[in-house]
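The values are calculated or read from the model by the stated rules, or taken from the named source; none is laboratory data. Bear in mind that the values here come from a model prediction, so they are computed numbers and not experimental data. In this analysis, Cβ positions are derived from the backbone assuming ideal geometry, glycine residues included, and neighbour counts consider all displayed protein chains.
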Amino acid sequence: MKVAVEVNGVAYERDVEARTLLVFLLRDEIGLTGTNVGCDTTSCGACTVLLDGESVKSCTVLAAQADGRSITTIEGLAKGEELHPMQRAFREHHGLQCGYCTPGMVMAAVSLVAENPDVDERQVREGLEGNLCRCTGYHNIVAAVLDAARSSREGAW
Amino acid sequence: MIPVMFDYVRVGSLDEAIGALSEHGDEAKLLAGGHSLLPLMKLRLATPSVLVDIGRLSELSYVRDQGDHVAIGALTRHHDVQHDSVAVTQAPLLANVAGRIGDPQVRHRGTIGGSLAHADPASDLPGAVLALGGTLVARGPNGEREIPATQFFEGFLETTLAPDEVLVEIRVPKATAGHSYQKFVRRSQDWAIVGVAVARVGGQVGVSLVNVAATPVRAVAVEEALSSGASAADAAEVAAEGLQPSGDNNATPEFRRHLARVLTRRALVEAGL
(Lines give C-alpha, C1' and ligand atoms only; values in the text may rest on other atoms or scores of the structure.)
Protein backbone atom coordinates (compact mmCIF):
# COMPACT_ATOMS: atom_id res chain seq x y z
CA MET A 1 0.00 0.00 0.00
CA LYS A 2 1.02 3.62 -0.55
CA VAL A 3 1.92 5.59 2.55
CA ALA A 4 2.56 9.33 2.40
CA VAL A 5 4.14 10.98 5.42
CA GLU A 6 5.89 14.22 6.23
CA VAL A 7 9.06 13.54 8.20
CA ASN A 8 10.98 16.47 9.64
CA GLY A 9 9.21 18.75 7.19
CA VAL A 10 9.98 16.67 4.09
CA ALA A 11 7.24 14.77 2.22
CA TYR A 12 7.85 11.09 1.43
CA GLU A 13 5.71 8.52 -0.32
CA ARG A 14 6.60 4.84 -0.10
CA ASP A 15 4.96 1.58 -1.19
CA VAL A 16 5.04 -0.78 1.80
CA GLU A 17 3.34 -3.90 3.12
CA ALA A 18 0.39 -3.15 5.41
CA ARG A 19 2.23 -4.83 8.28
CA THR A 20 5.19 -2.42 8.08
CA LEU A 21 5.84 -0.73 11.40
CA LEU A 22 6.46 3.01 11.49
CA VAL A 23 9.99 2.52 12.82
CA PHE A 24 10.93 0.40 9.80
CA LEU A 25 9.33 2.88 7.42
CA LEU A 26 11.61 5.52 8.95
CA ARG A 27 14.76 3.42 9.13
CA ASP A 28 14.61 1.08 6.13
CA GLU A 29 12.46 2.92 3.62
CA ILE A 30 13.34 6.55 4.32
CA GLY A 31 16.84 5.95 5.66
CA LEU A 32 16.58 7.90 8.92
CA THR A 33 18.43 5.57 11.28
CA GLY A 34 18.64 7.94 14.25
CA THR A 35 15.53 6.26 15.68
CA ASN A 36 16.70 3.07 17.39
CA VAL A 37 14.92 -0.22 17.93
CA GLY A 38 15.55 -1.48 21.44
CA CYS A 39 13.13 -3.97 22.95
CA ASP A 40 10.61 -4.07 20.07
CA THR A 41 7.88 -4.70 22.69
CA THR A 42 6.57 -1.18 23.55
CA SER A 43 8.65 -1.12 26.72
CA CYS A 44 11.99 0.65 26.29
CA GLY A 45 11.08 3.78 24.36
CA ALA A 46 14.26 3.85 22.23
CA CYS A 47 12.07 4.15 19.11
CA THR A 48 10.12 7.18 20.38
CA VAL A 49 9.24 9.76 17.72
CA LEU A 50 6.70 12.56 17.59
CA LEU A 51 3.50 11.83 15.65
CA ASP A 52 1.69 15.13 15.07
CA GLY A 53 3.78 16.53 17.92
CA GLU A 54 3.13 13.79 20.48
CA SER A 55 5.52 11.08 21.63
CA VAL A 56 4.73 7.56 20.40
CA LYS A 57 6.66 4.32 20.28
CA SER A 58 7.20 3.78 16.57
CA CYS A 59 7.62 0.00 17.00
CA THR A 60 3.93 -0.14 17.96
CA VAL A 61 2.43 2.05 15.25
CA LEU A 62 1.77 0.81 11.73
CA ALA A 63 3.18 2.92 8.92
CA ALA A 64 -0.40 2.86 7.61
CA GLN A 65 -1.62 4.56 10.78
CA ALA A 66 0.84 7.40 10.15
CA ASP A 67 -0.34 7.91 6.56
CA GLY A 68 -0.97 11.61 5.95
CA ARG A 69 0.52 12.57 9.31
CA SER A 70 3.54 14.59 10.35
CA ILE A 71 6.47 12.90 12.10
CA THR A 72 9.47 14.37 13.86
CA THR A 73 12.52 12.20 14.51
CA ILE A 74 15.74 13.00 16.33
CA GLU A 75 17.22 14.15 13.00
CA GLY A 76 14.57 16.84 12.75
CA LEU A 77 15.26 18.67 16.02
CA ALA A 78 18.41 20.65 15.28
CA LYS A 79 18.31 23.69 13.01
CA GLY A 80 21.39 23.14 10.89
CA GLU A 81 24.37 23.29 13.25
CA GLU A 82 22.27 24.63 16.08
CA LEU A 83 21.13 21.93 18.49
CA HIS A 84 17.61 21.91 19.87
CA PRO A 85 17.58 23.19 23.48
CA MET A 86 16.78 19.65 24.68
CA GLN A 87 19.76 18.22 22.80
CA ARG A 88 21.96 21.01 24.14
CA ALA A 89 20.82 20.31 27.71
CA PHE A 90 21.55 16.58 27.32
CA ARG A 91 25.08 17.46 26.18
CA GLU A 92 25.68 20.06 28.87
CA HIS A 93 24.48 17.78 31.68
CA HIS A 94 26.07 14.66 30.22
CA GLY A 95 22.61 13.09 30.04
CA LEU A 96 23.87 9.99 28.25
CA GLN A 97 26.39 7.22 28.61
CA CYS A 98 26.29 4.62 25.83
CA GLY A 99 23.78 6.76 23.93
CA TYR A 100 21.46 4.03 22.70
CA CYS A 101 18.38 5.26 24.55
CA THR A 102 19.20 8.91 23.86
CA PRO A 103 17.19 9.61 20.67
CA GLY A 104 14.04 8.19 22.26
CA MET A 105 14.77 9.85 25.58
CA VAL A 106 15.18 13.26 23.90
CA MET A 107 11.99 12.88 21.85
CA ALA A 108 9.98 11.79 24.89
CA ALA A 109 11.39 14.75 26.83
CA VAL A 110 10.53 17.22 24.05
CA SER A 111 6.92 15.97 24.07
CA LEU A 112 6.77 16.08 27.87
CA VAL A 113 7.98 19.68 28.10
CA ALA A 114 5.77 20.78 25.19
CA GLU A 115 2.76 19.46 27.14
CA ASN A 116 3.86 20.95 30.44
CA PRO A 117 6.74 23.45 30.55
CA ASP A 118 6.29 23.68 34.33
CA VAL A 119 7.34 20.09 35.03
CA ASP A 120 9.01 19.41 38.35
CA GLU A 121 11.49 16.64 39.06
CA ARG A 122 8.84 14.10 40.02
CA GLN A 123 6.86 14.82 36.87
CA VAL A 124 10.00 14.44 34.75
CA ARG A 125 10.77 11.07 36.33
CA GLU A 126 7.18 9.90 35.85
CA GLY A 127 7.00 11.43 32.39
CA LEU A 128 10.02 9.42 31.27
CA GLU A 129 8.79 6.12 32.71
CA GLY A 130 8.34 4.81 29.18
CA ASN A 131 12.05 5.19 28.41
CA LEU A 132 14.66 2.85 29.81
CA CYS A 133 18.35 3.69 30.16
CA ARG A 134 20.23 0.49 30.88
CA CYS A 135 23.36 2.45 31.80
CA THR A 136 21.00 3.74 34.55
CA GLY A 137 22.11 7.30 33.86
CA TYR A 138 18.79 8.79 34.89
CA HIS A 139 20.19 11.40 37.26
CA ASN A 140 21.77 13.52 34.53
CA ILE A 141 18.93 12.89 32.11
CA VAL A 142 16.47 14.32 34.63
CA ALA A 143 18.78 17.30 35.25
CA ALA A 144 18.98 17.93 31.50
CA VAL A 145 15.19 17.83 31.03
CA LEU A 146 14.61 20.17 33.97
CA ASP A 147 17.16 22.59 32.55
CA ALA A 148 15.61 22.43 29.07
CA ALA A 149 12.15 22.98 30.58
CA ARG A 150 13.50 26.07 32.31
CA SER A 151 14.86 27.41 29.02
CA SER A 152 11.49 26.68 27.40
CA ARG A 153 9.71 28.73 30.08
CA GLU A 154 12.16 31.54 29.40
CA GLY A 155 11.13 31.47 25.74
CA ALA A 156 14.33 29.96 24.33
CA TRP A 157 12.52 27.20 22.34
CA MET B 1 9.08 -8.85 15.34
CA ILE B 2 6.77 -8.51 12.37
CA PRO B 3 3.07 -9.40 12.26
CA VAL B 4 1.80 -11.91 9.70
CA MET B 5 0.45 -10.43 6.48
CA PHE B 6 -3.02 -8.95 6.63
CA ASP B 7 -5.31 -6.74 4.58
CA TYR B 8 -5.63 -3.21 5.91
CA VAL B 9 -8.94 -1.38 5.54
CA ARG B 10 -9.24 2.21 6.74
CA VAL B 11 -12.86 3.20 7.20
CA GLY B 12 -14.32 6.69 7.04
CA SER B 13 -17.49 6.03 9.03
CA LEU B 14 -18.92 3.78 11.69
CA ASP B 15 -21.32 2.23 9.16
CA GLU B 16 -18.38 1.32 6.96
CA ALA B 17 -16.68 -0.29 9.95
CA ILE B 18 -19.76 -2.37 10.77
CA GLY B 19 -20.04 -3.29 7.10
CA ALA B 20 -16.44 -4.48 7.01
CA LEU B 21 -16.95 -6.53 10.17
CA SER B 22 -20.15 -8.06 8.75
CA GLU B 23 -18.28 -8.97 5.57
CA HIS B 24 -15.20 -10.51 7.17
CA GLY B 25 -16.65 -11.91 10.43
CA ASP B 26 -14.21 -13.57 12.80
CA GLU B 27 -11.28 -12.98 10.42
CA ALA B 28 -11.36 -9.23 11.05
CA LYS B 29 -10.20 -7.21 14.03
CA LEU B 30 -10.82 -3.55 14.71
CA LEU B 31 -7.72 -1.37 15.05
CA ALA B 32 -8.00 1.75 17.20
CA GLY B 33 -4.80 2.91 18.92
CA GLY B 34 -3.33 -0.54 18.44
CA HIS B 35 -1.62 -0.70 21.80
CA SER B 36 -3.24 -3.96 22.84
CA LEU B 37 -3.60 -5.56 19.41
CA LEU B 38 -0.31 -4.73 17.68
CA PRO B 39 1.93 -6.19 20.43
CA LEU B 40 -0.06 -9.45 20.22
CA MET B 41 0.19 -9.44 16.42
CA LYS B 42 3.95 -8.86 16.58
CA LEU B 43 4.24 -11.91 18.84
CA ARG B 44 1.90 -13.71 16.40
CA LEU B 45 -0.44 -14.53 19.24
CA ALA B 46 -3.08 -12.73 17.17
CA THR B 47 -3.22 -13.32 13.41
CA PRO B 48 -6.27 -11.53 12.00
CA SER B 49 -6.40 -11.57 8.21
CA VAL B 50 -8.12 -8.18 8.00
CA LEU B 51 -7.49 -5.08 10.12
CA VAL B 52 -10.29 -2.53 10.06
CA ASP B 53 -8.74 0.78 11.13
CA ILE B 54 -11.30 2.94 12.93
CA GLY B 55 -8.59 5.20 14.38
CA ARG B 56 -9.65 8.26 12.39
CA LEU B 57 -13.31 8.29 13.37
CA SER B 58 -12.81 11.45 15.39
CA GLU B 59 -16.54 11.65 16.12
CA LEU B 60 -15.93 8.80 18.62
CA SER B 61 -13.45 10.83 20.66
CA TYR B 62 -15.17 12.90 23.37
CA VAL B 63 -15.95 13.19 27.07
CA ARG B 64 -19.42 14.60 27.75
CA ASP B 65 -21.27 15.62 30.88
CA GLN B 66 -24.72 14.07 30.46
CA GLY B 67 -26.32 15.19 33.70
CA ASP B 68 -26.38 12.06 35.81
CA HIS B 69 -23.55 10.34 33.97
CA VAL B 70 -20.43 10.94 31.92
CA ALA B 71 -20.28 9.59 28.36
CA ILE B 72 -16.93 8.82 26.82
CA GLY B 73 -16.45 8.03 23.14
CA ALA B 74 -14.75 4.68 22.56
CA LEU B 75 -11.87 6.25 20.64
CA THR B 76 -10.96 8.71 23.40
CA ARG B 77 -7.29 8.20 24.18
CA HIS B 78 -6.04 7.53 27.70
CA HIS B 79 -4.13 10.83 27.59
CA ASP B 80 -7.36 12.71 26.90
CA VAL B 81 -9.39 10.90 29.59
CA GLN B 82 -6.55 11.65 32.03
CA HIS B 83 -6.63 15.40 31.34
CA ASP B 84 -10.22 16.14 30.26
CA SER B 85 -11.83 18.57 32.72
CA VAL B 86 -15.21 16.75 32.74
CA ALA B 87 -13.48 13.44 33.40
CA VAL B 88 -11.24 14.91 36.10
CA THR B 89 -14.13 16.54 37.97
CA GLN B 90 -17.06 14.16 37.30
CA ALA B 91 -15.40 10.79 36.73
CA PRO B 92 -12.19 11.20 38.73
CA LEU B 93 -11.61 7.45 39.11
CA LEU B 94 -11.46 7.06 35.33
CA ALA B 95 -9.13 10.05 34.90
CA ASN B 96 -6.87 8.72 37.63
CA VAL B 97 -6.79 5.20 36.21
CA ALA B 98 -6.27 6.41 32.63
CA GLY B 99 -3.22 8.36 33.81
CA ARG B 100 -1.65 5.25 35.29
CA ILE B 101 -1.79 3.04 32.20
CA GLY B 102 1.59 2.17 30.69
CA ASP B 103 3.54 5.37 30.04
CA PRO B 104 2.97 8.70 28.23
CA GLN B 105 3.68 7.25 24.78
CA VAL B 106 1.18 4.44 25.36
CA ARG B 107 -1.40 6.92 26.68
CA HIS B 108 -0.98 9.03 23.52
CA ARG B 109 -2.15 6.08 21.42
CA GLY B 110 -4.28 3.69 23.51
CA THR B 111 -8.06 4.23 23.64
CA ILE B 112 -10.64 3.48 26.32
CA GLY B 113 -12.77 1.44 23.91
CA GLY B 114 -9.79 -0.57 22.76
CA SER B 115 -8.79 -1.35 26.31
CA LEU B 116 -12.31 -2.49 27.25
CA ALA B 117 -12.94 -4.50 24.08
CA HIS B 118 -9.55 -6.20 24.41
CA ALA B 119 -10.63 -7.28 27.91
CA ASP B 120 -7.28 -8.16 29.35
CA PRO B 121 -7.99 -9.07 33.00
CA ALA B 122 -4.74 -7.32 34.00
CA SER B 123 -5.61 -4.00 32.39
CA ASP B 124 -6.75 -1.05 34.45
CA LEU B 125 -9.77 0.55 32.77
CA PRO B 126 -12.00 -2.56 32.65
CA GLY B 127 -11.70 -2.82 36.45
CA ALA B 128 -12.49 0.87 36.88
CA VAL B 129 -15.58 0.77 34.64
CA LEU B 130 -16.76 -2.35 36.46
CA ALA B 131 -16.37 -0.73 39.90
CA LEU B 132 -18.32 2.29 38.65
CA GLY B 133 -21.14 0.08 37.39
CA GLY B 134 -20.75 1.56 33.92
CA THR B 135 -22.66 0.78 30.74
CA LEU B 136 -21.13 0.00 27.37
CA VAL B 137 -22.86 0.97 24.16
CA ALA B 138 -22.29 -1.24 21.13
CA ARG B 139 -23.48 -0.65 17.58
CA GLY B 140 -24.03 -3.40 15.02
CA PRO B 141 -25.99 -3.95 11.81
CA ASN B 142 -29.27 -3.85 13.79
CA GLY B 143 -28.56 -0.68 15.71
CA GLU B 144 -27.34 0.08 19.22
CA ARG B 145 -27.62 -1.85 22.45
CA GLU B 146 -26.51 -1.13 25.98
CA ILE B 147 -24.48 -3.71 27.89
CA PRO B 148 -23.98 -3.35 31.66
CA ALA B 149 -20.27 -3.65 32.52
CA THR B 150 -21.20 -6.59 34.78
CA GLN B 151 -22.32 -8.50 31.66
CA PHE B 152 -19.57 -7.39 29.29
CA PHE B 153 -16.51 -9.39 30.32
CA GLU B 154 -16.98 -13.04 29.48
CA GLY B 155 -13.56 -14.67 29.74
CA PHE B 156 -9.86 -14.13 29.11
CA LEU B 157 -9.73 -11.54 26.29
CA GLU B 158 -13.41 -12.29 25.62
CA THR B 159 -16.42 -10.00 25.75
CA THR B 160 -20.08 -10.31 24.88
CA LEU B 161 -19.61 -8.08 21.83
CA ALA B 162 -20.74 -9.82 18.64
CA PRO B 163 -18.15 -10.11 15.83
CA ASP B 164 -20.01 -7.43 13.83
CA GLU B 165 -20.45 -4.98 16.71
CA VAL B 166 -18.37 -1.90 17.49
CA LEU B 167 -18.06 -0.54 21.02
CA VAL B 168 -18.97 3.13 20.56
CA GLU B 169 -19.46 4.68 23.99
CA ILE B 170 -18.76 4.10 27.66
CA ARG B 171 -21.12 5.60 30.24
CA VAL B 172 -20.27 5.87 33.90
CA PRO B 173 -22.30 7.42 36.71
CA LYS B 174 -20.82 10.54 38.24
CA ALA B 175 -18.79 9.43 41.23
CA THR B 176 -17.27 12.32 43.13
CA ALA B 177 -17.82 11.13 46.73
CA GLY B 178 -14.59 9.15 46.90
CA HIS B 179 -12.56 6.76 44.80
CA SER B 180 -9.27 4.93 44.68
CA TYR B 181 -7.21 2.74 42.42
CA GLN B 182 -4.49 0.68 44.04
CA LYS B 183 -2.15 -0.89 41.50
CA PHE B 184 0.61 -3.18 42.69
CA VAL B 185 3.53 -3.31 40.23
CA ARG B 186 7.24 -3.99 40.47
CA ARG B 187 8.12 -1.42 37.77
CA SER B 188 6.14 1.71 37.01
CA GLN B 189 5.05 0.85 33.46
CA ASP B 190 4.07 -2.76 34.20
CA TRP B 191 0.65 -4.37 34.22
CA ALA B 192 -0.97 -4.65 37.64
CA ILE B 193 0.06 -7.80 39.50
CA VAL B 194 -3.16 -7.10 41.39
CA GLY B 195 -5.26 -3.95 41.19
CA VAL B 196 -8.25 -2.78 43.22
CA ALA B 197 -10.70 -0.08 42.11
CA VAL B 198 -13.17 1.54 44.50
CA ALA B 199 -15.89 3.99 43.50
CA ARG B 200 -18.56 5.56 45.70
CA VAL B 201 -21.68 6.06 43.61
CA GLY B 202 -24.83 7.51 45.17
CA GLY B 203 -24.35 5.99 48.64
CA GLN B 204 -23.23 2.64 47.23
CA VAL B 205 -19.66 1.40 47.06
CA GLY B 206 -18.38 -0.50 44.02
CA VAL B 207 -15.24 -2.58 44.45
CA SER B 208 -13.52 -4.48 41.66
CA LEU B 209 -10.40 -6.58 41.45
CA VAL B 210 -7.91 -6.63 38.57
CA ASN B 211 -5.78 -9.62 37.52
CA VAL B 212 -7.12 -12.17 40.00
CA ALA B 213 -9.32 -14.11 37.53
CA ALA B 214 -9.92 -14.53 33.79
CA THR B 215 -11.92 -11.29 33.83
CA PRO B 216 -12.00 -8.28 36.14
CA VAL B 217 -14.41 -9.15 38.97
CA ARG B 218 -16.62 -7.28 41.42
CA ALA B 219 -15.65 -7.97 45.04
CA VAL B 220 -19.24 -8.78 45.99
CA ALA B 221 -18.38 -10.00 49.49
CA VAL B 222 -16.63 -6.71 50.27
CA GLU B 223 -19.55 -4.67 48.93
CA GLU B 224 -22.04 -6.69 51.01
CA ALA B 225 -19.91 -6.37 54.14
CA LEU B 226 -19.76 -2.59 53.69
CA SER B 227 -23.51 -2.27 53.13
CA SER B 228 -24.15 -4.18 56.35
CA GLY B 229 -21.98 -1.74 58.25
CA ALA B 230 -18.54 -3.39 58.36
CA SER B 231 -15.48 -1.19 58.74
CA ALA B 232 -13.07 -0.80 55.84
CA ALA B 233 -10.55 -3.06 57.58
CA ASP B 234 -13.12 -5.80 58.27
CA ALA B 235 -14.65 -5.60 54.79
CA ALA B 236 -11.21 -5.85 53.18
CA GLU B 237 -10.61 -9.15 54.98
CA VAL B 238 -13.16 -10.88 52.74
CA ALA B 239 -11.73 -9.47 49.49
CA ALA B 240 -10.19 -12.80 48.46
CA GLU B 241 -13.32 -14.81 49.24
CA GLY B 242 -14.07 -17.20 46.39
CA LEU B 243 -11.03 -16.13 44.38
CA GLN B 244 -8.84 -18.70 42.68
CA PRO B 245 -6.19 -16.54 41.05
CA SER B 246 -3.53 -18.18 38.95
CA GLY B 247 0.16 -18.03 39.76
CA ASP B 248 2.90 -16.74 37.47
CA ASN B 249 6.44 -15.47 37.79
CA ASN B 250 5.17 -12.29 39.46
CA ALA B 251 3.03 -13.81 42.19
CA THR B 252 1.76 -17.09 43.62
CA PRO B 253 -2.01 -17.54 43.98
CA GLU B 254 -1.71 -17.01 47.75
CA PHE B 255 0.28 -13.79 47.28
CA ARG B 256 -2.44 -12.52 44.92
CA ARG B 257 -5.10 -13.29 47.55
CA HIS B 258 -2.98 -11.43 50.11
CA LEU B 259 -2.60 -8.45 47.76
CA ALA B 260 -6.36 -8.41 47.14
CA ARG B 261 -7.00 -7.98 50.88
CA VAL B 262 -4.24 -5.42 51.49
CA LEU B 263 -4.98 -3.31 48.42
CA THR B 264 -8.73 -3.40 49.09
CA ARG B 265 -8.14 -2.02 52.58
CA ARG B 266 -5.89 0.75 51.22
CA ALA B 267 -8.38 1.56 48.46
CA LEU B 268 -11.34 1.75 50.84
CA VAL B 269 -9.41 4.01 53.20
CA GLU B 270 -8.29 6.28 50.37
CA ALA B 271 -11.90 6.49 49.17
CA GLY B 272 -12.82 7.80 52.63
CA LEU B 273 -14.48 4.67 54.01
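Looking across the range B:207-248, the residues that are closer than 12 Å to B:Arg261 by Cα and either assigned to a loop (DSSP other than H, G, I, E, B) or at pLDDT below 95 (or both) come down to B:Val212, B:Ala219, B:Glu237, B:Val238, B:Ala239, B:Ala240, B:Glu241, B:Leu243.
The listed residues are B:His79, B:His118, and the only one of them that is more than 20 Å from B:Leu157 (Cα to Cα) and either at pLDDT below 95 or not basic (Lys, Arg) (or both) turns out to be B:His79. Taking the condition buried (at least 17 other Cβ atoms within 10 Å of the Cβ) and over 22 Å from B:Ser36 (Cβ atoms), does A:Val23 pass? No, not satisfied.
Could you check the range B:154-183 and list, in sequence order, the residues that are free of Cβ contacts under 8 Å to residues at least 60 places away in the same chain and at positive phi? If you could, list the steps in order and put the result at the bottom.
Initial filter on the range B:154-183 (free of Cβ contacts under 8 Å to residues at least 60 places away in the same chain): B:156-162.
Selection gives B:Leu157 alone.
Which residues, counting only those in the range B:52-85, are within 26 Å of A:Glu129 (Cβ to Cβ) and of a type outside the set (Gly, Ala, Ser)? Matches in the range B:52-85: B:Val63, B:Ile72, B:Leu75, B:Thr76, B:Arg77, B:His78, B:His79, B:Asp80, B:Val81, B:Gln82, B:His83, B:Asp84.
Residues in the range B:144-192 that are farther than 26 Å from B:Gln90 by Cβ and among the polar types (S, T, N, Q): 3 in all. Among the residues making up the range A:1-32, a single one is farther than 19 Å from A:Val56 by Cα and among the aromatic types (Phe, Trp, Tyr): A:Tyr12. Taking the range B:41-56 as the range and being surrounded by fewer than 20 Cβ atoms within 10 Å (Cβ to Cβ) and either touching an Asp or Glu at 6+ places or on another chain (Cβ under 6 Å) or of a type outside the set (Lys, Arg) (or both) as the test, the residues that pass are B:Leu43, B:Leu45, B:Ala46, B:Thr47, B:Ser49, B:Val50.
Filtering A:Gly68, A:Gly95, A:Gly104, A:Gly76 for residues that are under 19 Å from A:Ser43 (Cα atoms) and either surrounded by 15 or more Cβ atoms within 10 Å (Cβ to Cβ) or touching a strand residue (DSSP E or B) at 6+ places or on another chain (Cβ under 9 Å) (or both) leaves a single hit, A:Gly104.
If you go through the range B:10-68 one residue at a time, how many are part of a loop (DSSP other than H, G, I, E, B) and closer than 30 Å to B:His83 by Cα?
Restricting attention to the range B:10-68, the residues satisfying the condition of being part of a loop (DSSP other than H, G, I, E, B) are B:11-13, B:32-36, B:43-49, B:54-57, B:61-62, B:66-68.
Of the ones still in play, those that are also closer than 30 Å to B:His83 by Cα are B:11-13, B:32-36, B:54-57, B:61-62, B:66-68.
Looking only at that region, the number is 17.
Residues of the range A:114-127 that are closer than 16 Å to A:Gly104 by Cα, in contact (Cβ under 8 Å) with a residue 24 or more places away in the chain and surrounded by 18 or more Cβ atoms within 10 Å (Cβ to Cβ): A:Val124 alone. Only strands (runs of 3 or more DSSP E) whose full extent lies in the range A:17-136 are considered here, and the ones with at least 3 residues that are at the interface with another protein chain (Cβ under 10 Å from one of its Cβ atoms) are A:48-51, A:54-57.
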